[in-house]
Amino acid sequence: MSQANKLRKLLADPGVLVLPGCFDALSARLIERAGYPGAFMGGFAVSAARIAMPDLGLISYSEMVDQGRDICAAVDFPVIGDGDTGYGNAVNVQRTVRGYARAGFACVMIEDQVAPKKCGHTEGKRIVGRGEAFGRVQAAVDTRDEGADILIMARTDANATDGMDEAIERCRAFNHIGADITFLEAPRDEDEMKRYCDDVEGPKMANMVEQGNTPFLAPEKLADIGYKIVIYPISLMLAGLRAMEESLASIKGGKHPEALAEFAHLRDVVGFPDYYDKEKKYAAD
């Protein structure tokens, strides 16, 4: 079964999907080993990890799809990939969708911001007109229907610029065009979250960003509101950032960090035991 079909099955099954955010192959591997059904590769985390720059449209399509290729190769579960604005016009969107499918993603997210885009929980966002937004999603859906083995998530940031009425109308249109999942970014309270889930058909995603603009709710609560997918796009990065800074401070102060994983555990995570088994299997007599 392809990763896209695995995700389709997960969407059809009962219960909410909790997907932590990954930013490289190692973080994706840890998510898989922890027993999660999939992961989300977000532009904020990849931009931070790969180029140490903010999620303001600075990272390119080639860098994102290259990072995604390594992530998808390291795991055997569905990964949703952030495709930003599609990196150009509707024809660029089609190339992006095909490229993400070839990289191994189960789903690609396409949004309606003006390029260069901005992180959904920062200031200064702008969105394109309805015609261009709908054209992007139509191009993505057409590419899927023409054979790209990937799901389409359509995102709007209209709530921050034009309000909930416009955001909901866009999500309704995305669903009508044929998007598999819709994503209304940054609702400001539970009433807005409930309105979105009540007024838009199809699977919907909630974005849980620590100290972000959206209420930080438990997955069970989000499921009750009507969400099918819950992502935590930067939680692992925040945890790693704190741990690395504290370790660096300890070493600088003449102490060795105490809360470290065992070297043997790291070797196991990255696959040394499996490599040695195969090395023995194929060794020459």
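The values are calculated or read from the model by the stated rules, or taken from the named source; none is laboratory data. As the structure is a prediction and not an experimental result, all values here were calculated from the model. Counting neighbours? That spans all protein chains shown, and the Cβs are built from the backbone with ideal geometry, glycine included.
Would it be correct to say that Asp180 is acidic (Asp, Glu), free of Cβ contacts under 8 Å to residues at least 60 places away in the same chain and within 17 Å of Gly83 (Cβ to Cβ)?
no
Is it fair to say Ala154 is crowded, with 24+ Cβ neighbours inside 10 Å, under 20 Å from Ala115 (Cα atoms), touching a Ser or Thr at 6+ places or on another chain (Cβ under 6 Å) and at pLDDT 95 or above?
yes
From the set of residues in region 85-101 that are farther than 18 Å from Asp180 by Cβ and assigned to a loop (DSSP other than H, G, I, E, B), which is nearest to the chain's Cα centre (by Cα)?
By that ranking, first place goes to Thr85.
Going by what's in this entry, would Leu11 be described as out of contact with any Leu (no Cβ under 8 Å at 6 or more places or on another chain) and not in a loop (DSSP other than H, G, I, E, B)?
Criteria not met by Leu11.
Just give me the residues in region 5-38 being surrounded by fewer than 20 Cβ atoms within 10 Å (Cβ to Cβ) and either modelled with pLDDT under 95 or of a type in the set (A, V, I, L, M, F, W, C) (or both), in sequence order.
If the condition is that a residue be surrounded by fewer than 20 Cβ atoms within 10 Å (Cβ to Cβ) and either modelled with pLDDT under 95 or of a type in the set (A, V, I, L, M, F, W, C) (or both), then Leu10, Leu11, Ala12, Val16, Val18, Ala25, Leu26, Leu30, Ala34 are the ones that fit.
Condition test on Ser27, is it among the polar types (S, T, N, Q), over 20 Å from Gly147 (Cα atoms), over 16 Å from the mean Cα position of the chain (by Cα) and part of a helix (DSSP H, G or I)?
Taking the combined requirement at face value, the residue does not satisfy it.
Yes or no: region 247-264 includes at least one residue that is out of contact with any Lys or Arg (no Cβ under 6 Å at 6 or more places or on another chain), within 23 Å of Phe40 (Cβ to Cβ) and not in a strand (DSSP E or B).
no
Pairs under 7 Å by beta carbon, first residue on the phi < 0 side of the Ramachandran plot in region 51-64, partner of a type in the set (Phe, Trp, Tyr), six or more apart or different chains?
The qualifying pairs are Asp55/Phe44; Tyr61/Tyr87.
Results for (1) modelled with pLDDT under 95; (2) of a type in the set (Val, Ile, Thr); (3) out of contact with any helix residue (DSSP H, G or I) (no Cβ under 8 Å at 6 or more places or on another chain); (4) closer than 18 Å to Arg144 by Cα, shown as yes or no for each residue.
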| position | (1), (2), (3), (4) |
| --- | --- |
| Ser47 | no, no, yes, no |
| Glu63 | no, no, no, no |
| Val75 | no, yes, no, no |
| Thr85 | no, yes, no, yes |
| Ala90 | no, no, no, yes |
| Val93 | no, yes, no, yes |
| Val97 | no, yes, no, yes |
| Ile110 | no, yes, no, yes |
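Of all residues being small (Gly, Ala, Ser) and free of Cβ contacts under 8 Å to residues at least 60 places away in the same chain in region 193-239, which is surrounded by the most Cβ atoms within 10 Å (Cβ to Cβ)? Just the residue, please.
The selected residue is Ala206.
Which pairs turn up if I take residues in region 266-279 that are touching a residue at least 40 places away in the same chain (Cβ under 8 Å) and look for partners that are surrounded by 12 or more Cβ atoms within 10 Å (Cβ to Cβ) with beta carbon separation below 7 Å, at least 6 apart in sequence or on another chain?
Listed pairs, sorted by first residue: Val269/Arg29; Val269/Leu30.
In the list Thr122, Thr143, which residue meets the criterion of being farther than 30 Å from Gly35 by Cβ, polar (S, T, N, Q) and at pLDDT below 95?
Of the residues listed, the single one that is farther than 30 Å from Gly35 by Cβ, polar (S, T, N, Q) and at pLDDT below 95 is Thr122.
Could you say whether any residue in region 102-120 is of a type outside the set (Asp, Glu), in a helix (DSSP H, G or I) and farther than 18 Å from Thr182 by Cα?
Checked against the condition, which is being of a type outside the set (Asp, Glu), in a helix (DSSP H, G or I) and farther than 18 Å from Thr182 by Cα, region 102-120 yields at least one hit.
Among the residues of region 68-100 satisfying the criterion of being buried (at least 23 other Cβ atoms within 10 Å of the Cβ) and touching a residue at least 60 places away in the same chain (Cβ under 8 Å), which is nearest to Ile127 (Cα to Cα)?
Restricting to residues being buried (at least 23 other Cβ atoms within 10 Å of the Cβ) and touching a residue at least 60 places away in the same chain (Cβ under 8 Å), the top hit is Ile80.
With the structure loaded, tell me whether Val65 is touching a Cys at 6+ places or on another chain (Cβ under 6 Å) and surrounded by 15 or more Cβ atoms within 10 Å (Cβ to Cβ) or whether it fails that test.
no
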